[in-house]
Amino acid sequence: MLSAYAGGTIDDVRTLIARFAALPGMTSAVPFMVTSVLLLPVAGAGLASVSPQLAAGTFRTYPVLAVNHLVTLGWGTLLAMGAIHQMFPAMVGVPRRPGRGALIQYGLSLAGAATLVGGLLLRRVPWVAAGGLVAWIGITYFLWLTARIARRRRRWTPEASGVALALGYLLLTATWGVLAALNWRWPFWRGLLGDAAWGVHAALGLGGWFAQLVVSVSAYLLPRFVGLHRIEARADAGSGETHAGAAARAIPLLPALLPLNAGVLLLVAAALLGAPPPARFGAALLAASGLLYAGSLLRVLRARQQAKPDLTIHHWWAILGQTVLLSILAGVWAAGGLGTEGRRAAAAAAVLFLVGWLSLAIMGQLYKVTPFLMWYYRFALGIPAAEVPRLAAPYYPVVGVPSFYLTLSGSLLLTGGVLFAQPALARGGSLLFLGGGLLFAYAMAVSWIRAASLPPRQ
């Protein structure tokens, strides 16, 4: 598929770009996702290069920090912002497509992330501070755009509240990061120079922003992917409950989000105060939140109504398993039963969370969302939007199967290498993750080129 365009002329490329831009599903949110997917193999290569340092316990070197922000900002946050631009209006019932404001925010976010990562790679602390500040401006603008949509809402669901709360944590994470970078260049607060600063930043970003967002979005999307919302809506037809209300019960958010937020706040307090007891209690709460969420996931996945293969569902089974694994790791550490230092245990958990749990969630959803956003399948077949989640064919791409197993096994091996200080294990896991990222980026590129090359069928 890709080779068909390798020998084309400039006019062929321009024609392809023009057809791509004219797709019915093309919006200003798509560049976020395209860029993030292209950055995934870059992040994987960076991870392979720093994996021995991670296994050795040197977590705060310039290369490690650069790769960390490439994964969190370039892969995770940039893609999440594009998805929210596209999905949040539908969640709150506002018929609005992302416009020019989203493109402006994309430019700010990308420029900020690139400057920050470049500053870390080149050891230019002023660049790190400048990039963090530009990224913070982009995030602030993003929240303002989202707030404008929220004010026009026609409905408000628990999932929307979870997304809104996650966005608040995103702003706090970015603000703390900018303060830490400025303090790094022009010291004004000694407490921001040690592990406490990074502990607060990690707790806010990983727990408050990423975990809360994925849990909330999965509560909105996953019941629809498995058909559970139709069963519950029929069961509650006599009560007049809407489909959204019935689906919300499939993954109850409050029991999972309450201990999640309490655990994050306790970890922040422990980092600021340098007090281990609040950290262990916070880890215990995070473990409880994870087990509650895992139970909800198990209920939803068991209720799946489709017999056809679906790669997204494979991803969610893996996420369920890693949720339990992360909960066990947090619970055992909280009880004092993990025979390793707290920094190493936290680093291993962060690796499993970012490289495994979060990446599997993003990749699994994109197998569903990409045809839905790019509309190459919906408009090629001429079917209504409501039927898209029921299609199995585009959700089990052959190339996605090895990508799934490489990403899953790579994340587990890399986590084991970090936790048990085994450089060879960490390097092997990172190389497997890199292979999974390359295959995934290829699969997405093929789907996007097909979107522009195949005319809609009436």
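The values are calculated or read from the model by the stated rules, or taken from the named source; none is laboratory data. Everything numeric in this text was worked out from a predicted model, so none of it was measured. Cβ atoms come from the backbone with ideal geometry, glycine included; neighbour counts cover every protein chain shown.
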Exercise. Determine, yes or no, whether Arg60 is in a loop (DSSP other than H, G, I, E, B), over 23 Å from Leu354 (Cβ atoms), touching a residue at least 12 places away in the same chain (Cβ under 8 Å) and among the charged types (D, E, K, R).
Key: no
Self-check item: Cβ-Cβ under 9 Å pairs, at least 6 apart or on other chains, region 358-379 side under 11 Å from Leu311 (Cα atoms) and charged (D, E, K, R), far side at pLDDT 60 or above and not in a helix (DSSP H, G or I)
Solution: Lys368/Asp310
Quiz item: So which helices (runs of 4 or more DSSP H) are wholly in region 69-171 and hold at least 3 residues that are free of Cβ contacts under 8 Å to residues at least 40 places away in the same chain and touching a Phe, Trp or Tyr at 6+ places or on another chain (Cβ under 7 Å)?
Solution: 100-121
Practice problem: Please work out which one of (1) at pLDDT 85 or above; (2) crowded, with 23+ Cβ neighbours inside 10 Å is the condition Gly321 fails and give its number. | Solution: (2)
Exercise. Assess whether Ala271 counts as being aliphatic (A, V, I, L, M), in a helix (DSSP H, G or I), farther than 19 Å from Leu354 by Cα and modelled with pLDDT of 90 or more.
Key: no
